[in-house]
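Report on one structure; see the data block that follows.
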Amino acid sequence: MNQFNRILVVEDEPKVASFVKRGLEENGFSCEIASDGLMGKRMFNAGSYDLIILDLNLPYKNGIELCKEIRVSDQKVPVLMLTALGTTEDKLTGFESGADDYLVKPFEFRELLARIRSLLKRILVAETGGNILTLLDLEVNLSTYEVTRDGKTIELTQKEFALLVYLLRNKGKVVSRMEIAENVWDINFDTGTNIIDVYVNFLRKKMDKDFSQKLIHTQTGVGYILKA
Ligand code: CA
């Protein structure tokens with residue numbers, strides 16, 4: 001999943017910091033640690049991060065101040081507050097300073113991971129205007145033209161991509177070769193729709209062949225259907 005993978009962790013407790021760093025790296029993220037608020041600010045200014053994890057009580061500059069400063073220059077980067085303080089008032093202060101989520105210590109790593117993934121997904125959806133089509137483990141991003149199955153990137157030509165998007169927009173419904181020809185190739189032809197079969201086969205090789213669950217199905221005499 002990692003088009004988003006640089007995470008800055010601002011945390012002064014070495015044990016927590018290394019626990020978080022190890023877990024994130026095991027899950028494919030790259031992670032850098034700042035051990036106090038000033039260092040966090042410097043690293044934030046110097047680097048480009050996809051998500052910030054901020055402890056609340058930090059030397060030199062606390063998490064609330066740092067979060068407010070981050071928000072002055074960047075309104076979008078997701079900020080997750082990590083803290084031992086868990087009263088409602090603390091949470092509200094965190095949210096008011098611009099944090100997107102809040103996790104109280106002690107926490108389980110998988111809880112942190114779930115929050116991170118959800119924050120990153122929210123950003124992705126916002127950036128693409130929700131332009132992601134999915135079916136089972138297939139994901140097609142209409143903004144970046146990225147196609148993945150089970151997280152693995154699938155390289156498609158422009159025509160294959162257009163064909164896949166058409167099938168995906170009609171998922172669960174049989175589409176005829178004629179319909180495909182008109183909508184994907186923008187041409188009318190009664191005969192010679194052989195090209196459709198050729199392209200469907202290209203697509204099958206790239207996105208179905210290596211997976212046990214096939215998504216493209218032939219409806220004999222009619223056309224094709226994309227379904228799980
Ligand atoms: Ca602390």
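The values are calculated or read from the model by the stated rules, or taken from the named source; none is laboratory data. What you see is a predicted model; the values in this text were computed from it and never measured. We place every Cβ from the backbone using ideal geometry, glycine too, and count neighbours over all the protein chains shown.
Looking at segment 138-153 only, could you name the residues that are out of contact with any Ser or Thr (no Cβ under 8 Å at 6 or more places or on another chain), without any contact (Cβ under 8 Å) to a residue 24 or more places away in the chain and not in a strand (DSSP E or B)? Residue satisfying the conditions is 145 alone. Of the listed requirements (1) modelled with pLDDT under 85; (2) surrounded by fewer than 17 Cβ atoms within 10 Å (Cβ to Cβ); (3) under 11 Å from the mean Cα position of the chain (by Cα), residue 144 misses just one: (3).
Applying the set (1) assigned to a loop (DSSP other than H, G, I, E, B); (2) over 21 Å from residue 44 (Cα atoms) to residue 118 leaves exactly one unmet item: (1). Of the residues making up segment 19-36, those that are outside any loop (DSSP other than H, G, I, E, B) and either touching a strand residue (DSSP E or B) at 6+ places or on another chain (Cβ under 7 Å) or under 13 Å from residue 53 (Cβ atoms) (or both) are 19, 20, 21, 23, 24, 25, 30, 31, 32, 33, 34. A single entry from 119, 66, 156 fulfils the requirement of being within 21 Å of residue 6 (Cα to Cα) and touching a helix residue (DSSP H, G or I) at 6+ places or on another chain (Cβ under 9 Å): 66.
Report whether or not residue 211 is at pLDDT 90 or above and surrounded by fewer than 16 Cβ atoms within 10 Å (Cβ to Cβ). Yes: the conditions hold for residue 211. Only one entry of 32, 25 meets the criterion of being at negative phi, surrounded by fewer than 16 Cβ atoms within 10 Å (Cβ to Cβ), touching a Leu at 6+ places or on another chain (Cβ under 7 Å) and at pLDDT 90 or above, and that entry is 32. When residue 81 is tested against (1) closer than 14 Å to residue 13 by Cα; (2) in contact with a Lys or Arg (Cβ under 9 Å, 6 or more places away or on another chain); (3) part of a strand (DSSP E or B), exactly one condition is not met: (1). Quick check: is even one residue across segment 159-172 loosely packed, with under 14 Cβ neighbours inside 10 Å, at pLDDT 90 or above, in the same structural domain as residue 210 (by TED's automatic domain parsing) and part of a loop (DSSP other than H, G, I, E, B)? Yes, the conditions are met somewhere in segment 159-172. Residues that are more than 11 Å from the ligand (Cβ to nearest atom) and assigned to a strand (DSSP E or B) were ranked within segment 1-18; the one that is modelled with the lowest pLDDT is 6.
Scanning segment 52-78 for residues that are in a helix (DSSP H, G or I), within 15 Å of the ligand (Cβ to nearest atom) and more than 14 Å from residue 39 (Cβ to Cβ) returns 64, 67.
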